[in-house]
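Please read the structure below before turning to the comments.
The values are calculated or read from the model by the stated rules, or taken from the named source; none is laboratory data. Since the structure is predicted, the reported quantities are computational estimates derived from the model, not experimental observations. Positions of Cβ are backbone-derived with ideal geometry, glycine not excepted, and every protein chain shown enters the neighbour counts. Accessible surface is based on the protein model in full, side chains and every heavy atom, while ligands, DNA and RNA are left aside. Shrake-Rupley method; radii C 1.70, N 1.55, O 1.52, S 1.80 Å.
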Amino acid sequence: LVSTAACNNAPKADEAQTAEAQKVQEAPMGTNFAVDNQKSTLSWIGTKPVGKHDGIFPISTGMISVANNNITGGRFDIDMVNLKVLDGGEGNEKLQGHLKSADFFDVTKYPNARFEITSVAAGVTDSKDLVMKDATHTVTGNLTLKDSTKSVTFPAKVGMNGNSLIADADFNIDRTQWGIVYGNDKSLGDKFIRPEVNIKLHIEANKQ
């Protein structure tokens with residue numbers, strides 16, 4: 001995975017807190033909202049000392065449960081086979097192939113990733129230090145990449161009415177927490193790939 005600002009560091013964003021996977025509620029209460037995979041996006045930015053790359057992981061399916069205007073659970077699946085590099089460089093196809101290989105996501109063996117919500121709380125802690133100043137909620141969920149699952153917590157802006165839900169988040173994660181360590185050696189110089197990856201998440205879901 002390979003944004004951005006000066007010196008090609010990961011974009012300034014809120015740092016996701018990573019912990020061991022948490023228990024997922026199997027049948028959350030409330031009404032189901034189906035994730036619109038045509039309008040929902042999961043984009044990424046990765047960096048190295050001499051450049052950056054950005055792209056998308058397509059969202060294939062998903063569901064979010066809502067009760068009394070509160071998110072009680074949900075999940076969405078990520079189509080790793082069709083990940084895209086979008087920055088327009090001549091080596092896009094080669095990079096896409098490399099990201100799909102066993103060095104990174106090994107999509108032949110692990111064609112899907114998944115995010116499962118374990119809790120959504122109104123408000124955010126340390127709001128004065130937030131990069132995403134309009135965040136309204138704190139989201140925690142299990143992110144599965146390849147054969148590794150970790151809990152991640154990040155701020156998000158969530159809006160909903162009776163029939164639709166929109167959520168946005170912008171945060172950085174450390175890919176090595178999921179065992180994706182290729183290129184993570186500073187002795188590689190210009191070929192060093194930073195462990196921090198920027199994730200921008202936009203979810204639109206509609207009441208079934």
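Annotations for the structure displayed:
Yes/no matrix, rows are residues, columns are (1) outside any strand (DSSP E or B); (2) open to solvent by less than 40 Å² (accessible area, probe 1.4 Å); (3) modelled with pLDDT under 95; (4) acidic (Asp, Glu):
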residue	(1), (2), (3), (4)
47	no, yes, yes, no
55	no, yes, no, no
61	no, no, no, no
73	no, yes, no, no
76	no, yes, no, no
82	yes, no, no, no
93	yes, no, yes, yes
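- Residue match in segment 118-128 (condition: in a helix (DSSP H, G or I), more than 23 Å from residue 55 (Cβ to Cβ) and not aliphatic (A, V, I, L, M)): yes
- From the list 166, 193, 180, the one residue that fits, being surrounded by 19 or more Cβ atoms within 10 Å (Cβ to Cβ), farther than 24 Å from residue 21 by Cβ and over 12 Å from the mean Cα position of the chain (by Cα), is 193.
- Residue, farthest from residue 38 (Cα to Cα), within segment 196-208, restricted to residues that are polar (S, T, N, Q) and surrounded by fewer than 21 Cβ atoms within 10 Å (Cβ to Cβ): 208
- Residue among 162, 183, 189 that is within 23 Å of residue 34 (Cα to Cα), of a type in the set (Gly, Ala, Ser) and modelled with pLDDT under 95: 162
- All positions within segment 20-45 that are part of a loop (DSSP other than H, G, I, E, B) and under 20 Å from the mean Cα position of the chain (by Cα): 21, 22, 23, 24, 36, 37, 38, 39, 40
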